[in-house]
1. With the structure loaded, tell me whether Ala122 is outside any loop (DSSP other than H, G, I, E, B), aliphatic (A, V, I, L, M) and within 13 Å of the ligand (Cβ to nearest atom) or whether it fails that test.
2. Which of the residues that make up region 1-47 are within 15 Å of the ligand (Cβ to nearest atom), assigned to a helix (DSSP H, G or I) and surrounded by 12 or more Cβ atoms within 10 Å (Cβ to Cβ)?
3. How about region 48-65: which of its residues are among the aliphatic types (A, V, I, L, M), over 18 Å from Asp105 (Cα atoms) and within 11 Å of the ligand (Cβ to nearest atom)?
4. Consider His106 carefully, then state whether it is surrounded by 12 or more Cβ atoms within 10 Å (Cβ to Cβ), assigned to a helix (DSSP H, G or I) and within 20 Å of the chain's Cα centre (by Cα).
5. Residues in region 66-83 that are within 11 Å of the ligand (Cβ to nearest atom) and in contact with a strand residue (DSSP E or B) (Cβ under 6 Å, 6 or more places away or on another chain): how many?
6. Taking only region 48-67 into account, find how many residues are over 16 Å from Trp13 (Cα atoms) and part of a loop (DSSP other than H, G, I, E, B).
Amino acid sequence: MSGGDEWILLDFWSSMFGSRVRIALAEKGIVYERREEEFPKKSEVLLEMNPTYRKIPVLIHNGKPICESWNIVQYIDEVCCFTPFLLPTDPYDRAKANFWAHFIDHKLHPVSMKTMRYETKAQLEEAEKEMVECVKLLQGELGEKPYFGGERVGYLDVILGGFCSWFCAYKELGSFSILDEFPKLKAWTHRCMQRHTFSASLPDPDKLCHLVRRIRNRNALDLQ
Ligand code: GS8
């Protein structure tokens, strides 16, 4: 990587996947151009750069696209090897970090979507119960450490970091205050949000609340 490198991020403001890439770029001190998609319409560039999934985020490094946020964060980490690594260097710790990143994308994320897109009160209660189970496991993995990465921010902090504003928004919505049930994860969220690399990269929780209310209203699913 040289000072003349060009970095472009195809993004959408509320995306937890986009947010984690923004955090990784900020942690590594990379200056980039952010291009906002206008969903549901998709730009020609997005379709060209991610023809497989047609989803953001896509990071374009010197004209070459890298897709899937977990993969993008690893790429940034490898290319910017002059700063401390986000991924653990120990193979076992690295395998564990990848395991939990997979858990976040394949368990936590679908469950968090269910808490917004329910059709009955029973479905909402079920989704909230599942969400509590997921967050409990994540808090267990954090343990007594300040960060998932130990004394400093690591790969998993960046991966889960994309959810910080969403955790706060749940509380603001008044329906579900997940963080109040998990003090260690709450402290971790606040610790992360105090870092400029996170706060400047994450969506405003108030704006997210409006979005969630709109999703619920659009689907006529708001039971309150
Ligand atoms: C998920 C990206 C994604 O869902 C990743 O990058 O880690 N596994 C991928 N992106 C969404 C926006 S965030 O909710 C997206 O681009 N959606 C547009 C669409 O599905 O049409």
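Read-outs: derived from the displayed coordinates by stated rules, not from any lab. Note that the structure is a prediction, hence the values are computed from the model and not measured. Neighbour counts run over all protein chains shown; Cβ positions are idealised from the backbone, glycine included.
1. Details: outside any loop (DSSP other than H, G, I, E, B): yes; aliphatic (A, V, I, L, M): yes; within 13 Å of the ligand (Cβ to nearest atom): no.
Here the answer is no, as Ala122 does not meet what is asked.
2. Listed by number, the residues that qualify are Met16, Phe17, Gly18, Ser19, Arg20, Val21, Arg22, Ile23, Ala24, Leu25, Val45, Leu46.
3. Quick first cut of region 48-65, residues among the aliphatic types (A, V, I, L, M) only: 49, 56, 58-60.
The next check asks that each one be over 18 Å from Asp105 (Cα atoms); those that pass are 49, 59-60.
Across region 48-65, the qualifying residue is only Leu59.
4. On the way: surrounded by 12 or more Cβ atoms within 10 Å (Cβ to Cβ): no; assigned to a helix (DSSP H, G or I): yes; within 20 Å of the chain's Cα centre (by Cα): yes.
Criteria not met by His106.
5. So the answer is 3.
6. Of the residues in region 48-67, the ones over 16 Å from Trp13 (Cα atoms) are 48-54, 60-67.
Next cut, part of a loop (DSSP other than H, G, I, E, B) only: 50-54, 62-63.
Adding up the residues that qualify gives 7.
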